[in-house]
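Participant: One structure coming up, written as structure tokens, with questions to follow.
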Amino acid sequence: MSNVILDQISEAVQKGKARDTKELVQKAIAEKIGAKDILDKGLLAAMAIVGKKFKNNEVFVPEVLISARALNMGTAELKPYLAAQGVKPLGKAIICTVKGDLHDIGKNLVRMMLEGVGLEVQDLGVDVAPEKIVEAVKTSDAKVLCLSALLTTTMGAQKDTIDALAAAGVRDKIKIMVGGAPVTEEYAKQIGADAYTSDAASAATAAKLFF
Ligand code: B12
């Protein structure tokens, strides 16, 4: 039974049907299907399929964008269930997708999970230049900075950002976490980041350790 609805959610995301996605997620929640299953087996499973088709040129940017919009509608419904409510603020974090990169689904999930462990998150958005990040770090009392990159061509901007923070004399003010599909533990070490994790839930667990 539960698989049927998860498949329906996946189907709705693949077709970019935002309203259907939202309603199906609400239905799944009402049927007491776990939020993590709805996310992994419904919403993200769909994006994996869309990603394959995108790679094979079977779908193009507009289709991927409407699927991303549907997925975001679905995750918004899940937010209260993924993120623990009423947690006393633990501290602050800054998050963004680095310069040249417009992918924000992963970033948004990480933000949601950080909020779930009680962090207040300042989201600088996508395509954020190192200078802007330096400014944010200087003017905030955030203890953790999360940098997301989804392209092999923009991973370098994670390093550029860390270098810019060092040049501005604020590198030691903040713990830096990096992530995104092409990023690895080894790369994170190489560019002098403090932590890397491969998914949003473990990102939140790792971030918590810095407080
Ligand atoms: C959706 C998507 C898009 C959408 C983005 C919409 C949006 N609002 O985000 C659109 C259509 C705009 C897009 C555009 C492009 N894309 Co695109 N896109 C994807 C796709 C299909 C899914 C990405 C995604 O959201 N995954 C789901 C999320 C949840 O996963 P995630 O981001 O990896 O995040 C998880 C972890 O990595 C981690 N995480 C993420 N960030 C962080 C940060 C920290 C600090 C930590 C600790 C963890 C962490 O936690 C997350 C949750 O568990 C991927 C294919 C794929 N399967 O990955 C291609 C993909 C990333 N895109 C690709 C390409 C090439 C492009 C374009 C260049 C295409 C083009 N020719 O125009 C443009 C670039 C635009 C730009 N300048 O950014 C390639 C990248 C190849 C490469 N290795 O560089 C991919 C891999 C597709 C492919 N196989 O060809 N894309």
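Participant: Can you check what the net charge comes to around Lys138, using other residues whose Cβ is under 15 Å from the Cβ of Lys138 (Lys, Arg +1; Asp, Glu -1)?
Facilitator: Numbers: positive: Lys92, Lys132, Lys143, Arg171, Lys173; negative: Glu131, Glu135, Asp141, Asp172.
Combined, the nearby Lys, Arg, Asp and Glu give +1.
Participant: Another question about this same structure. Carbon-plus-sulfur fraction of the accessible area of the chain, 1.4 Å probe, in percent?
Facilitator: Details: 5920 of 10800 Å².
C and S fraction of accessible area: 55 percent.
Participant: Right, next: For the stretch 28-150, with every protein chain kept in place, what is the accessible area per residue (1.4 Å probe, Å²)?
Facilitator: Working: 6140 Å² over 123 residues.
Heavy-atom SASA per residue in the stretch 28-150 reads 50 Å².
Participant: What is the magnitude of the charge dipole of the stretch 47-115 about its Cα centre, with +1 placed on the Cβ of each Lys and Arg, -1 on the Cβ of each Asp and Glu, and no other charges, expressed in debye to the nearest 20?
Facilitator: Details: 10 positive and 6 negative charges, 41 e Å.
Computed about the Cα centre, the dipole is about 200 debye.
Participant: Continuing with the same structure: About its Cα centre, what dipole magnitude does the chain give when the only charges are +1 on Lys and Arg Cβ and -1 on Asp and Glu Cβ, stated in debye to the nearest 20?
Facilitator: Working: 27 positive and 26 negative charges, 53 e Å.
I would put it at about 260 debye.
Participant: A further question follows. Would you please classify the overall shape of the stretch 90-211 from the alpha carbon gyration tensor, given that a ≥ b ≥ c denote the square roots of the eigenvalues, rounded means a/c under 1.5, and beyond that prolate means a/b larger than b/c while oblate covers the rest?
Facilitator: Values: a/c = 1.32, a/b = 1.07, b/c = 1.24.
Because its axes are fairly even, with a/c under 1.5, the stretch 90-211 counts as rounded.
Participant: Are any of the pairs Lys52/Lys143; Lys52/Lys132; Lys99/Lys175; Lys36/Lys132; Lys22/Lys208; Lys52/Lys92 more than 26 Å apart by Cα-Cα distance, and if so, which? Write down the numbers at each step before the final one.
Facilitator: On the way: Lys52/Lys143 37 Å; Lys52/Lys132 33 Å; Lys99/Lys175 19 Å; Lys36/Lys132 34 Å; Lys22/Lys208 30 Å; Lys52/Lys92 36 Å.
Among Lys52/Lys143; Lys52/Lys132; Lys99/Lys175; Lys36/Lys132; Lys22/Lys208; Lys52/Lys92, the Cα-Cα distance tops 26 Å for Lys52/Lys143; Lys52/Lys132; Lys36/Lys132; Lys22/Lys208; Lys52/Lys92.
Participant: Can you pull the Kirkwood radius for the chain, inverse mean 1/r over Cα pairs, to one decimal in Å?
Facilitator: On the way: mean 1/r = 0.0566 Å⁻¹.
Value: 17.7 Å, from the Cα pair sum.
The values are calculated or read from the model by the stated rules, or taken from the named source; none is laboratory data. Small disclaimer: the values here were computed from a predicted structure and weren't measured. Ideal geometry is used to build each Cβ from the backbone, glycine not excepted, and the neighbour counts take in all protein chains shown. With ligands, DNA and RNA removed, areas are computed over all heavy atoms of the protein, side chains included. Shrake-Rupley method; radii C 1.70, N 1.55, O 1.52, S 1.80 Å.
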